[in-house]
Structures are given as structure tokens and as C-alpha cells.
Amino acid sequence: MVNFGGARMSRYAVGQELAPTTYVINRALLIGYANASSDQNPIHQDEAFAKSVGLENVIAHGMFTMALAGRYVSALQGSAAVREFSARFVKPVVVPADADVELIVSGKVLEVTERTAKIEISAYCKDVKVLGMAKAVIALS
Amino acid sequence: MLNPDIVGRTFPGAVAFAVTQESITEFCTAIGEPNFEVAPPTYTIKITLTESEALLKESGLDWSRVVHGDQKFEIHRPIVAGDALICSSTIESARVVAGNEIVSVRSDLHNGDELVASSWSTLVVRA
């Protein structure tokens, strides 16, 4: 715990590991995300099309995976507290028909100031890291 | 190939995107976010990526081969229903690495004179 001259104790400390949360990705959710985000690229919905362009199968929108990691960040201090959020899409999330793919998101506190905390985010499907260099800055109230 | 003349240029958006509670609720529902009061941190991708797609297609880029390389958001204040966001897009760089075209776009979202959020997208056109 960090004390700033009598200010409220922060619930975040540098090096602290934040508990993982598991999110589900499936074909139905990808269609919902395509509609909500206006990203109707068929590689995220149509298996035949995805395979025709050299993909193993339908893949999740990178931004859907990032949005689920964003839910993890929002769960810390609320969506309104998120100041920065970044990620690199290092591996596609392959989504077979009639299957739920699990995305496991966890966090580690990198920096704490009086007003903000910087969190490193990890996102894995099975043992494959799907987001790289993922970080968020959240405001502390 | 992208027309190299557009690198470094800023394209102001012509039309404001009206943020409605319905669109925030729809986005939250799609990602399973239980709190609908403000837009989730990645909500603005639905505005900025649509703008980038139109701009880059017009400038010669093959959108059908585009994959998303990385994404960053800076959010100056939460986006809420009632915001009318104008997206201006700047093509910050375009280069070719191992046959893949890599384009970086910065998108600034203004509500009136107020800069509400900025985002950066790296888009990769697979060879």
C-alpha cells in the first residue's frame, strides 16, 4: 500500500497481481459485436470466406478481444476512470463453430501515482498470448 | 498501394457522430459490459475505424487485406449520450515492411471545441 502524505491509501501497489477473469468468445458474440461496432468484415463471421483468404477459421475481431480486456479494466474503477488503453494484436483468436473460446485476462500494477495507476494487462486463449504490450492507465478516486 | 501524398495530412470529418444511449447500450451489451452510463473505453473504434476505412479506401488501400496491428486510446473524459463527435484523421505514417504495407492513423474526436479522445490505429495490409 502507498501513502501520499495523508491522502487516502491506494488499493493498488506496484507489482501487485490482479486476479484473472475469464471471458467467453463465440460466433454469436462476434455477430453481436460486428453489429454494435459496424465492423462487418466477413473473416469474423463466415467460415468459408475466412478459409478462402488463408485463415485457419473464423477469427475474432481484434477489437472484440481488446473490448473484453477493456471490460477487465473497467471493472477496476469503472469505465469513466479509464484514461489510456493500448494493445498490440499479436495472435488471432480462432473461433470454431459451436464452441466457446475462453479468454483469460489478468493484470499487474506497473506504476501508482496520487491520481492514477498504470496496469499491465495479459490476455491468453489457452496458452497463447493474444494481446501484446497491453496497458491501461486508470484514474483513482 | 496507398497514395503517398496523403501521409502527414489531416482529414477533418464532415459529419458529427451522434452518441446515443441506444448505441452505448448496444455496444455494452455486445461486449458484456454491465454499466451503461458511459461509453466503454474502446467504444470510439466504431467511429474512428469507419472513418479510416473510408479515407484509406479512397486513397488506394486494399481494405479487404487489412488486419489490425495495434490500437491505443487516450480518453480525456468519458463519452456519454448527447455527445456529437467529429473525427479528424491524420495519416501519421505509411511504410512497407517485408511486402506488408503498414499505415498508422491518428484519430481525434472533438465535441464542439473540446478534444474528448484521441486514438491511434496501426493497420497492416497483408502482402
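Read the figures in this text as sums done on the coordinates, not as results from a lab. Predicted model only: the values in this text are computed from it and were never measured. Here the Cβ is made from the backbone with ideal geometry for all residues, glycine too, and neighbour counts use every protein chain on show.
Of the residues A:ILE25, A:LEU110, A:GLN40, the one whose Cα sits farthest towards the positive end of the charge dipole of the stretch A:17-139 is A:LEU110 (charges of +1 on Lys and Arg Cβ, -1 on Asp and Glu Cβ, taken about the Cα centre). Projected label points at B:ALA127 and A:ASP100, each 7 Å from Cα along the beta carbon direction, are separated by 4.2 nanometres.
Per-residue mean of foreign Cβ neighbours for A:76-86 is 6 (Cβ atoms of other chains, 10 Å radius).
Relative to the Cα centre, what is the charge dipole magnitude of the protein assembly as shown, using +1 at the beta carbon of each Lys and Arg, -1 at the beta carbon of each Asp and Glu, and rounding to the nearest 20 debye?
Values: 23 positive and 30 negative charges, 142 e Å.
The dipole magnitude comes to about 680 debye.
Taking the number of Cβ atoms within 10 Å of each Cβ as an exposure proxy, the fewest-first ranking of B:CYS87, A:CYS125 is A:CYS125, B:CYS87.
Relative to its residue count, the protein assembly as shown spans a Cα convex hull of 136 Å³ per residue. Normalised by the number of residues in chain B, the average gap of Cα pairs under 8 Å and 6 or more apart makes the relative contact order 32 percent.
Residues with beta-carbon under 13 Å from that of A:VAL90, excluding A:VAL90: net charge, scoring Lys, Arg +1 and Asp, Glu -1?
+2
Listing A:TYR12, A:TYR23 from fewest to most neighbouring C-beta atoms within 10 Å gives A:TYR23, A:TYR12.
What ranking do A:59-68, B:19-28, B:54-63 get when scored by the average of other Cβ atoms within 10 Å per residue, highest first?
Taking the mean over residues of other Cβ atoms within 10 Å, the ranking is A:59-68, B:19-28, B:54-63.
Taking 21 Å as the limit for the C-alpha separation, the pairs A:LYS135/B:LYS57; A:LYS91/A:LYS135; B:LYS46/B:LYS72; A:LYS108/A:LYS129; A:LYS118/B:LYS46; A:LYS108/A:LYS135 exceed it in the case of A:LYS135/B:LYS57; A:LYS118/B:LYS46. Highest-first packing order for the peptide set A:92-104, A:26-38 is A:26-38, A:92-104, based on the mean count of other beta carbon atoms within 10 Å.
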